[in-house]
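J.: Before we start, here is the structure in question, set down as structure tokens.
The values are calculated or read from the model by the stated rules, or taken from the named source; none is laboratory data. Worth saying up front: this structure is predicted, and the values here are computed from it rather than measured. We place every Cβ from the backbone using ideal geometry, glycine too, and count neighbours over all the protein chains shown.
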Amino acid sequence: MVSALALVTVILLFTGPLVSHSHEQVVEQRFWQSFRQQWHLAQTRAQLKRQPTTITYSADTNAVVFTSWQNRTTIAVPATMRVERFSPIEMQADGYVKPATQRFYSRSGLCRYRLVIQMARGEYDVKKDEGIRDDG
């Protein structure tokens with residue numbers, strides 16, 4: 001009985017951090033999925049209703065906020081991520097977005113995410129730079 005408890009304890013000691021790390025990565029993936037969904041909704045509003053959207057970062061609530069005429073959606077930044085740079089993004093009524101790069105750091109993945117907004121009708125790409133140590 002004692003050896004079974006010891007075995008269970010050893011297994012939990014070694015698998016606990018792996019499960020926690022895996023969960024953190026899933027939470028970060030959900031953040032990016034939510035961001036992409038809100039981005040596409042903003043583009044649709046611009047195309048169909050000619051409504052601009054402002055995308056900002058609120059340090060007070062640690063969230064990215066999409067704001068348009070009667071819509072305001074907040075996406076919480078996961079606790080494992082830190083916003084390094086986020087300038088307000090203006091998606092105009094025709095869908096145009098000025099090119100820019102926003103930066104996030106993941107303590108979980110030890111990487112930097114660069115949200116690169118391109119000129120091609122307001123599309124963006126998330127680039128992942130791995131092996132980056134936290135300098136802030």
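J.: When segment 78-120 is examined, which residues are found to be assigned to a loop (DSSP other than H, G, I, E, B), touching a residue at least 40 places away in the same chain (Cβ under 8 Å) and in contact with a Phe, Trp or Tyr (Cβ under 6 Å, 6 or more places away or on another chain)?
T.: Passing the criteria: only P78.
J.: Further question on the same structure: Looking at the structure I just gave you, is V126 β-branched (V, I, T) and either under 15 Å from Q29 (Cβ atoms) or part of a loop (DSSP other than H, G, I, E, B) (or both)? Working first, answer last.
T.: Numbers: β-branched (V, I, T): yes; either under 15 Å from Q29 (Cβ atoms) or part of a loop (DSSP other than H, G, I, E, B) (or both): yes.
Yes.
J.: Could you check segment 44-95 and list, in sequence order, the residues that are closer than 19 Å to E123 by Cα and small (G, A, S)?
T.: A46, S68, S87, A93, G95 - these are the residues of segment 44-95 that are closer than 19 Å to E123 by Cα and small (G, A, S).
J.: Being assigned to a loop (DSSP other than H, G, I, E, B), without any contact (Cβ under 8 Å) to a residue 40 or more places away in the chain and of a type in the set (D, E, K, R): is that true of R133 here?
T.: Taking the combined requirement at face value, the residue satisfies it.
J.: From the set of residues in segment 99-134 that are of a type in the set (S, T, Y) and in contact with a helix residue (DSSP H, G or I) (Cβ under 9 Å, 6 or more places away or on another chain), which is modelled with the lowest pLDDT?
T.: Only one residue fits best here, namely S108.
J.: State the number of residues belonging to segment 59-102 that are farther than 24 Å from V27 by Cα and in contact with a Ser or Thr (Cβ under 7 Å, 6 or more places away or on another chain).
T.: Number satisfying all stated conditions: 4.
J.: Restricted to segment 63-119, and to residues that are farther than 20 Å from Q33 by Cβ and of a type in the set (F, W, Y), which residue is surrounded by the most Cβ atoms within 10 Å (Cβ to Cβ)?
T.: Among those that are farther than 20 Å from Q33 by Cβ and of a type in the set (F, W, Y), it is Y96.
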